[in-house]
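Working notes, beginning with the structure itself.
Derivation of every value follows stated rules applied to the coordinates shown; laboratory data play no part. Bear in mind that the values here come from a model prediction, so they are computed numbers and not experimental data. Glycine gets a Cβ as well: all are built from the backbone with ideal geometry, and neighbour counts include every protein chain shown.
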Amino acid sequence: MRVSERSITIISLFYYFFVFSLFFSEFAQSVIKISYITYYDELLLLLFVVVSLWLTRGSVHRLFLYPLVVFLAGILFSIIGPFFDGFEKVIVQSVLNFKLFILWVLLFIFFRRCGYRDQRKILFYLWLISVCGFLINFIYPASFYGLLKTDDAVVRERFGSLRIEGLQLKPNDLAIFMSFYCFYLVDCIKNGIGRKWISLFCLFISLFVIVFTGSRVGIIGFFLAIISGLKVRSSSLLPLLIVLPGIVIMFSLSKYGVSLIDSIVRDLSHFENIEESKYIRGIMIYYGTYLAAEYFPIGVGAGNFGTVYSEGSAVYDYLGISQLEFFQNFWGIFDSNYASLVGEYGFLLFVCMVFIFYRYISLFGNLVGLTNQNISRRLAFLIFSFSLIILLSNPLFMHHYTALSLFIVMLGLVGNRRINLSYEGIIST
C-alpha cells in the first residue's frame, strides 16, 4: 500500500505527540486531577492501534506475528489452567502483559509504511526534558511535590538521601531511560558521531542523574553501556584487564559503592528464609519460579499472580501468602516482571517471549525498514542482558514507559549505523 505524503505528515505529527505525551504521562496524570486521564496512556495506545491497522493493509513481516501466536497460547493456557476465573480477566491482563510487543509492533509498522525518520533529535529532547525535571526535583523538592497537587505523594529515600524521580515520578524509570541513553552516547563516541565532548558531558550528566535516583539497576546499565564501547583487541586486552578491576575496586570503596553493595547483599539474604522475608521482589521471584515449576509448562494463568488483575487471586491463598501486608494492600507485587510472567505463563511461554524480544533487538534495523542496518551482535547482546536485569526487578514487557524508552534509543542506535554507512558510501541518506 502506498501512503500519500500528506498522510505521512499527519501521521508523523501524531507520532511525535504520541511519544512525548506517553513518555511523561505519569506526571500529567498527577498534575491534572481528572478521573478519566488515568486511562490516558491506554486511550492513546488504542488510537495508535487504529492508525497502525490502517497502515498495515497488505503484507506483514512474519516476526510481527510471533507475539500474536504466544499471546493466543497464553490465553489458551490460562483458560485450561487450574485457576481460571473468567474470560474478561484473562484477555485484559494478557493485553497488559504484552504491552511492549503491542507497542513495538505498532511502531515497526509505522516506520515501515511511513519511512524511517531520524530520531536522534527526539531522543535528545526527551533526555533534556528528563534532566530538567530531575534538576527541578533536585533543587526545589518542596515546590516539585507541591505541583503534584496531592497529599499522598510518595517521597522515596535510599542510602539516607532523597531518591530523585523527576517528571517520570518513578526513580527507576528515570534511571533506566538514562542508562539506555548511555548506550546511545557511548555508541556516538565510539563511532565518532557528533562532537565527542558533548557526548561525554551528556554521559557525565546521565551518570549524575542515575546516582541520585538511587537506582541499582541504573548503575548496572551504565557500566554495561561503558563496556559496549570498549574495543577489545588482543593488544589492548592486558591494559583493559588491569584498568577495569581498578575502577570496580575504587567504586566499591566509595561511600555510594559501599551502600550499594550492602543493599544488594541485604536483599539477597532474604532468599535464605523467604517465609519470613519482608523483601517483596524476593518473595515474588521465589514464588513465581515455584509456580512455574509446580504447574509446568503452562503456569497458573493470566491475572493470577503479580499482575493488576491478580488482586484477591486464589493463588495467593494456595501459597499461604495472602495475609502478608503486600497482598492485603496490593502494593509492590508488580515490580518483578519475571516473577509475574513466569508464574502466570510458565517457563515455556516466558522463554518464547524473551526469545522474540531478543530477535526484535538484534534485527531492529530491518524491522523498521532499514535493510542490513542492524546494530552489532555484541551491542544487541549487552542491551538484551540489561533488559533481562530490568525484567527481574521492574516491569518491562507490561510497562509502556520502559518499552518506549528502549524503542526510541534503538532508533537512535540504528540511526548511528545509517550515518556510518553513508560515510562509507554504502548507502545514501
For region 98-104, what does the Karplus curve 6.51 cos²θ - 1.76 cosθ + 1.60, with θ = phi - 60°, yield as ³J(HN,Hα) per residue in whole Hz, taken in order and with x for Gly and Pro?
9, 4, 4, 5, 4, 5, 5
Around Asp85: net Lys/Arg minus Asp/Glu count, Cβ-Cβ under 15 Å:
-3
Quote to one decimal, in nm, the extra length available between Asn329 and Ala142 on full extension: 0.36 nm per residue of separation minus the C-alpha distance between them.
64.6 nm
Which residues qualify? For Thr307, with a placed amide H closer than 5 Å and at least 5 residues away or on another chain, they are none
Applying the gyration tensor rule to the Cα atoms of region 294-429 (axes a ≥ b ≥ c; rounded if a/c under 1.5, else prolate if a/b exceeds b/c, else oblate), the class is prolate
For region 62-149, what does the alpha-carbon gyration tensor say about shape, rounded, prolate or oblate, given a ≥ b ≥ c as the root eigenvalues, a/c under 1.5 as rounded, and a/b over b/c as prolate?
oblate
For a footprinting-style exposure proxy, rank Ser143, Ser336 by other Cβ within 10 Å, fewest first.
Ser143, Ser336
Show me, for region 352-364, the HN-Hα J-couplings you get by feeding each phi into the Karplus relation (A = 6.51, B = -1.76, C = 1.60, θ = phi - 60°), rounded to Hz, glycine and proline as x.
4, 5, 5, 5, 4, 4, 5, 5, 5, 5, 5, 10, 4
